[in-house]
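What follows is a set of notes on a single structure, which appears directly below.
The values are calculated or read from the model by the stated rules, or taken from the named source; none is laboratory data. Because the structure is a prediction, the values reported are computed rather than measured. Cβ atoms come from the backbone with ideal geometry, glycine included; neighbour counts cover every protein chain shown. The protein model used for the area step is the full one, side chains on, heavy atoms only, and it has no ligands, DNA or RNA in it. Shrake-Rupley method; radii C 1.70, N 1.55, O 1.52, S 1.80 Å.
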Amino acid sequence: MPPLPADPTVLHPMPEQPRVVLLKPLVTSPLIEVGEFSYYDDPDDPTAFETRNVLYHYGPEKLVIGKYCALGTGVRFLMNGANHRMDGPSTFPFPTMGGSWADHFDLLTGLPNRGDTVVGNDVWFGHGVTVMPGVRIGHGAIIATGAVVTSDVPDYGIVGGNPARLIRTRYEPEDVARLLAVAWWDWPLEHVTAHVRTIMSGAVAALEQAAPPSAAS
């Protein structure tokens with residue numbers, strides 16, 4: 001029998017570990033897009049990801065997370081709704097409190113908005129990472145525990161700190177280009193299943209050799 005792929009539609013891929021959830025079958029907001037097999041781990045309530053981990057998400061910007069991403073406990077995405085005016089004496093958002101203060105809602109238009117927050121495929125987030133609005137994180141990146149990501153992260157970059165800084169890249173630029181060309185995360189699920197060992201521990205050349213014809217061309 002051929003290898004059996006995992007099921008990307010189950011909420012708890014590890015039934016004995018209810019703290020782990022796949023995000024694609026969990027999220028309901030039209031402003032959040034998640035690829036297959038990206039998961040979140042939390043010992044308290046991982047199913048509350050949309051309300052506890054995606055904050056100030058009043059729209060219209062989106063949070064986009066690719067496939068095969070690993071999100072450690074406490075990873076949070078701050079969206080553009082967190083922004084306040086900073087060009088006057090007070091940063092307090094008076095119009096949102098109601099009453100006649102709401103007559104001044106025009107004071108809240110035109111606030112800084114960096115657009116969608118976009119996470120590539122195969123990104124690993126350590127415990128307690130905070131991602132600021134509008135950040136773009138490249139494929140294959142690693143975000144260290146406790147990092148506060150305030151700017152874009154390159155493909156296969158490793159960042160850490162507050163604010164997060166590039167520590168190093170996982171591969172040389174030519175190998176990053178080869179990995180992006182192979183894009184194993186877009187392979188058919190059956191092909192991924194047949195080559196899990198190469199994807200996890202193989203060299204770049206081995207991954208290229210394992211690619212299906214359409215990916216290798």
Just to be sure, is residue 103 open to solvent by 60 Å² or more (accessible area, probe 1.4 Å) and either modelled with pLDDT under 95 or of a type outside the set (Val, Ile, Thr) (or both)?
yes
Across (1) open to solvent by less than 60 Å² (accessible area, probe 1.4 Å); (2) at pLDDT 95 or above; (3) more than 22 Å from the chain's Cα centre (by Cα), residue 182 clears everything bar (3)
Flag if residue 57 is assigned to a loop (DSSP other than H, G, I, E, B) and open to solvent by less than 80 Å² (accessible area, probe 1.4 Å):
yes
Note on residue 90: of the conditions (1) on the phi < 0 side of the Ramachandran plot; (2) assigned to a loop (DSSP other than H, G, I, E, B); (3) hydroxyl-bearing (Ser, Thr, Tyr); (4) surrounded by 11 or more Cβ atoms within 10 Å (Cβ to Cβ), unmet is (4)
Answer yes if at least one residue in segment 126-137 is touching a residue at least 60 places away in the same chain (Cβ under 8 Å) and at negative phi, and no otherwise.
yes
Segment 24-51, residues that are without any contact (Cβ under 8 Å) to a residue 24 or more places away in the chain and either farther than 19 Å from residue 129 by Cβ or outside any loop (DSSP other than H, G, I, E, B) (or both)
24, 25, 28, 30, 48, 51
Being at pLDDT 95 or above and charged (D, E, K, R) narrows 87, 41 down to just 41
Take residue 81 and tell me if it is surrounded by fewer than 18 Cβ atoms within 10 Å (Cβ to Cβ), part of a helix (DSSP H, G or I) and either modelled with pLDDT under 90 or out of contact with any Cys (no Cβ under 7 Å at 6 or more places or on another chain) (or both).
yes
Here are some conditions: (1) of a type in the set (Val, Ile, Thr); (2) in contact with a Leu (Cβ under 7 Å, 6 or more places away or on another chain); (3) assigned to a helix (DSSP H, G or I). Residue 21 meets all but one. Which one does it not meet?
(3)
Being open to solvent by less than 50 Å² (accessible area, probe 1.4 Å), closer than 26 Å to residue 195 by Cβ and at pLDDT below 95 narrows 15, 5 down to just 5
For segment 191-208, indicate whether the set of residues that are without any contact (Cβ under 8 Å) to a residue 12 or more places away in the chain, open to solvent by less than 40 Å² (accessible area, probe 1.4 Å) and in contact with a Ser or Thr (Cβ under 9 Å, 6 or more places away or on another chain) is non-empty.
yes
I'm checking my understanding of the structure. Among residues of segment 107-149 that are among the charged types (D, E, K, R) and either assigned to a loop (DSSP other than H, G, I, E, B) or in contact with a Lys or Arg (Cβ under 8 Å, 6 or more places away or on another chain) (or both), which one is surrounded by the fewest Cβ atoms within 10 Å (Cβ to Cβ)?
114
Return a yes/no flag: does segment 67-78 have any residue that is farther than 18 Å from residue 120 by Cα and either surrounded by 13 or more Cβ atoms within 10 Å (Cβ to Cβ) or of a type in the set (A, V, I, L, M, F, W, C) (or both).
yes
Select from segment 49-87 the residues that are under 16 Å from the mean Cα position of the chain (by Cα) and aliphatic (A, V, I, L, M) and list them in ascending order.
54, 55, 63, 64, 65, 70, 71, 75, 78, 79
Residue hits (segment 159-178; surrounded by 20 or more Cβ atoms within 10 Å (Cβ to Cβ) and within 30 Å of residue 212 (Cα to Cα)) are 176
